[in-house]
Amino acid sequence: MEHERSHLSKGSNEVFWRIEVEVLPGKLEEFRTIVQEMIASSKQEPGTLVYDWFFDEANIICHTYEHYRDSSAVVAHATKFGESFVERFQRYCRQIGLDVYGAPSEAARALLDRYSATYFARWQGFESE
């Protein structure tokens, strides 16, 4: 088995998460359209390291993997999402979960808590060279 590099090295300020949503019936095209807008917006954020979207085979369940340089980048992203996208986004999908990894600041947690985040701290692991 090939070793993978840990996403969160010791002492890192990086924060990442996985969001799971269910696309509402008949709303797939609208969902895809707003996601394209969100991708274009997030691409302009200097602290956004990864912003990937994944669908199941039925195009109903979608996972988003997002990775940020630090809590300041999280705050910038979450603020932009709340101001520009959240109302429309929630018309097209239902959030199932938000799993956050790393050690987000109090300010970042306050924003993520609006979306019922569950937080996970790194316990064990390794980094390959």
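Here is a list: R91, R114, R69, R122. Which entry is touching a residue at least 60 places away in the same chain (Cβ under 8 Å) and in contact with a Gly (Cβ under 8 Å, 6 or more places away or on another chain)?
R122
Please count how many residues of region 62-83 are touching a strand residue (DSSP E or B) at 6+ places or on another chain (Cβ under 7 Å) and under 23 Å from I96 (Cβ atoms).
9
Are there any helices (runs of 4 or more DSSP H) wholly within region 11-99 with 3 or more residues that are modelled with pLDDT under 95, surrounded by 16 or more Cβ atoms within 10 Å (Cβ to Cβ) and among the β-branched types (V, I, T), and if so which? Walk me through it before giving the result.
Working: elements: 28-43, 71-84, 86-92.
Of the helices (runs of 4 or more DSSP H) lying wholly inside region 11-99, none has at least 3 residues that are modelled with pLDDT under 95, surrounded by 16 or more Cβ atoms within 10 Å (Cβ to Cβ) and among the β-branched types (V, I, T).
The values are calculated or read from the model by the stated rules, or taken from the named source; none is laboratory data. Everything numeric in this text was worked out from a predicted model, so none of it was measured. Using ideal geometry, Cβ is built from the backbone for each residue, glycine included, and neighbour counts are taken over all protein chains shown.
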